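What follows is a single structure, written as structure tokens, with notes after it.
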Amino acid sequence: MLSRTADNLYWLGRYVERAENTARLLAGTQRLSLMPIPTDEAGNLWRNLFQSEFEENAFLAKHSEFSETPVMEYMALDPENPSSIYSCVHGARENVRAARHVLTTEISQCINETWMEVKKCRPQDVIDRGTQNYLDSIKERAHLFRGVVHGTMRRGEPFMFWELGAALERAENTSRLMLARSAAFHRAAKRDDGFDFYRWGTFLRTANAYSAYRQLYRDIDPVSVADLLILNTQIPRSLLSCIEDSAEVLRNLKREAQCAAMAERLASELRTMRLDTILRSGLEGFLHDFRKQVHVLSDQIRVDFIMVR
Amino acid sequence: MSTTPNDGNDGPMRPFDEMLETDGTVRMAYAQFGEWLEGASKEFLTRKNDEADMMFRRLGITFTVYGDAAQTERMIPFDIIPRILDPQEWDYLARGTIQRVDALNAFLDDVYHDQAILKAGRIPPELVLNNDAFRPEMLDMDLPRRIYAHIAGVDVVRTGPRDFFVLEDNVRTPSGVSYMLENRQTMMRLFPELFATNHVAPVERYPSELRANLRSVAPIGVDDPTVVLLTPGQHNSAFFEHAFLATEMGIELVEGQDLFVDDGLVFMRTTEGPKRVDVIYRRVDDDYIDPLAFRSDSMLGVPGLLSVIRRGRVTLTNAIGTGVADDKAMYVYVPEMIRFYLGEEPILQNVPTYSLRNKDDYKYVLENLESLVVKEVHGSGGYGMLVGPKSTKKEREEYTKRLKADPDAFIAQPTLALSTCPTYVDEGVAPRHVDLRPFVLSGQRTTVVPGGLTRVALKEGSLVVNSSQGGGTKDTWVLER
């Protein structure tokens, strides 16, 4: 398979996943903002969606404060923000176009329809329809897209690169989501009383893990939430699930590739890790380190499959 | 819903209506269809038209408009009323277009070898040798099966029952075949009942014929050739077609950056490392194909490709340098090529053409601008044309200045009364002017798929069918005996 096409499929997987995750993050944050929150956290609720000073500055170049309306507009609809939902759907569509010859008509139709919807959406439309409705529609389109890919696409290399992109993007997004709430984890662990059923419930829903949590653990406590999202392989968005999925795809693609060994190593490290060790040494540090390793893995995938001479 | 023939006081210019006789009776080819159309209400057709529009949008069949700052994507309007040809008409067209392409291939092989036709004085040598599209790099190269134009689109217009004229030969990188195929798909979904009553010759085999054709011209000694389609990329106006054909043929769709030359061979970069490429169906122009040989600023081509072609280790389709055969200045000599190489009389006629480089023609054209169509020799896409009868005095004066400044750059032709076909428009169904581009494949044999791309000028009275100028397309039916 052409390296460039593999790259297109990989990014297709990432973009669709990222669009959905941004929608989840925005929806969850909005719900959270409607609840009573400790003041030190409330002030940073929207700001915490930004991961770095660089991202914050890009936002501040256009808006003056981290509050709901401007953040929502910037993260959902702004074509100039390369990570906005708008940009992700556009990116997904460009990659579908470029790799059109290895995709099915149904896939191409699905992304075109989504793009037509997203393209015509103005801030006022979102307000009129209700923000939650808009974000729900993005999630639904992402579910539909995944279903169409699973239901129509040949299980070959192109499919595997799509899976790989999606799995790695999920790993990044789950770790990002946890980082955005790391203050709450921290406080809950320290005081052992900051527990708030509704807030953690909202958080779990953002990670699409609420019902799984209810089935696997009894009461909601932050340590179990962290356990589920990091180490439990029964939910598709836990860090371990994402890494195991990536490792499996890479094993099937090319067992002897360096990146396959790297993913395998990362997965087995996670598998043997215990949550209390992670919490003792600091959740934030662990998450940053995890993200770094995912970046190194993505770079190695490029070297092994995309940049080959 | 009924249609009326062109009512008009056009006098001798009254165009030929492909569906209706002058007295309003329906011609043979349209007999079944006419009955169906009679029973179709305006509401029904409007609904079907909207459905078709939605189908194209969802599939993302768009083209990019050049010169538009925003690079807007537009759709070529699709007309739901088919253009129908009877078996005899098609037989005549098929023989005529195949004959023409055979002669063009023989001509190309000749001008890049012995140049017999020039030595025989049948074509002025300077017209060929000083032509920008003539590539000295191709001299004395022997191509597989001596084919240069593997894929050709011959633009044909009609003015009467048996009066077909070739307007233009396209032997560089002709496009439009994906519309021929998609239009048929769309029609079969919209009106399945029509295909039960009309025996329409299928066009669906085009991609497999093209694939077999491309494989048949692989370099000598390659038994199972790897064929790829080379596209300028997804921002090219015809990208949809490139992706479509690659899918249909099951071959890789590559860009210049995906290919490289090493050790005298061409390779593509794959996830499993370099893979040798044997045949490149390229949709990139000559100028951009190899920055080492032609335009050095080109990012679309493959450095060193020409050297591999010259060694016969990769086949490029169409070959480099085919443009010398479809130049508007060369057009007038195609009937001569047919006589010279095939020893036959041309089946299809040329449109009488005045070359402004010729003194008598020059004078005639300047005096008769009002009744002529003037084109740039190197122009395409309907840009830079003057349609005399539709022009204003001011436009003609402006154009005269350009003609006087560089007469060699122009040709002129009488304004043909292009035939019309019933077409769906806002007011209902009305006649609009059409042309036809059948696609001719040359390899082991020369073949043409029954049908082609019918382009229609949607504006009332307009003779310009180009999509960039408000033209649309129709499904083209060839009825089987």
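What the table below lists for this structure:
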quantity: Estimated FRET transfer efficiency (B:Leu292, A:His150; beta-carbon r; R0 41 Å; 0.05); calculated: 0.35
quantity: Antiparallel content of DSSP bridges confined to chain B, in %, to 5; calculated: 75
quantity: Cβ-based net charge around A:Ile278, under 12 Å, with every Lys or Arg adding one and every Asp or Glu removing one; calculated: -3
quantity: Sorted by Cβ neighbour density within 10 Å, fewest at the top, the residues B:Ser391, A:Ser64, A:Ser238; calculated: A:Ser64, B:Ser391, A:Ser238
quantity: Peptide ranges A:226-232, B:243-249 listed from the most packed, as the mean C-beta count within 10 angstrom indicates; calculated: B:243-249, A:226-232
quantity: Inter-chain shielding of A:102-110 (mean C-beta neighbours from other protein chains, 10 Å cut-off); calculated: 3
quantity: Dipole in debye (nearest 20) - the stretch A:3-304, about Cα centre, beta carbon charges: Lys, Arg +1; Asp, Glu -1; calculated: 560
quantity: Ordering of B:411-420, A:116-125, B:317-326 by burial proxy (mean other Cβ atoms within 10 Å per residue, highest first); calculated: B:317-326, B:411-420, A:116-125
quantity: log₁₀ of I(q)/I(0) at q = 0.08, 0.10 Å⁻¹ - chain A, Debye sum with one point per alpha carbon; calculated: -0.36, -0.57
quantity: Net charge dipole size for the protein assembly as shown [Lys, Arg +1 and Asp, Glu -1 on Cβ; Debye, nearest 20]; calculated: 1260
quantity: Unit charges on C-beta of K, R, D, E only; dipole of chain B, Debye; calculated: 280
quantity: Residue (of B:Gly34, B:Met54, B:Asn368) at the positive-pole extreme of chain B, dipole from beta-carbon charges; calculated: B:Asn368
quantity: 10 Å Cβ neighbours from other chains, averaged over peptide B:239-250; calculated: 3
quantity: Ranking of B:Phe340, A:Phe54, A:Phe185 by count of other Cβ atoms within 10 Å, fewest first; calculated: A:Phe54, B:Phe340, A:Phe185
quantity: Burial ordering of B:Trp477, A:Trp115, B:Trp36, A:Trp46, fewest other beta-carbon atoms within 10 Å first; calculated: B:Trp36, A:Trp115, A:Trp46, B:Trp477
quantity: Chain A: DSSP helices with Cα axial extent of at least 15 Å and average Kyte-Doolittle hydropathy no lower than -0.5; calculated: A:85-98, A:105-119, A:157-180, A:239-253, A:258-271, A:283-301
quantity: Convex hull of chain B built on C-alpha atoms - directionally averaged projected area, nm²; calculated: 23.9
quantity: Cβ-based charge dipole, the stretch A:3-304, positive-most Cα from A:Val102, A:Leu240, A:Tyr213; calculated: A:Val102
quantity: Other protein chain Cβ atoms within 10 Å, averaged over every residue that makes up A:175-181; calculated: 0
quantity: Share antiparallel - DSSP beta bridges, the protein assembly as shown, percent rounded to 5; calculated: 75
quantity: Over chain B: helical MRE at 222 nm, DSSP H runs n ≥ 4 each giving -39500 (n - 2.57), nearest 500; calculated: -8500 deg cm²/dmol
quantity: Percentage relative contact order, chain A, counting C-alpha pairs under 8 Å, at least six apart; calculated: 24
quantity: Packing-based order for A:126-139, A:244-257, using average beta carbon neighbours within 10 Å, highest first; calculated: A:244-257, A:126-139
quantity: Lysines with Cα under 27 Å of B:Lys363, excluding same-chain neighbours fewer than 8 positions away; calculated: B:Lys328, B:Lys375, B:Lys390, B:Lys393, B:Lys394, B:Lys401, B:Lys404
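A short reminder: the numbers here are calculations on the coordinates, not readings from a lab. Just so it is clear, the model here is predicted, and its values are computed rather than measured. Note: ideal-geometry Cβ built from the backbone for every residue, glycine included; neighbour counts use all protein chains shown.
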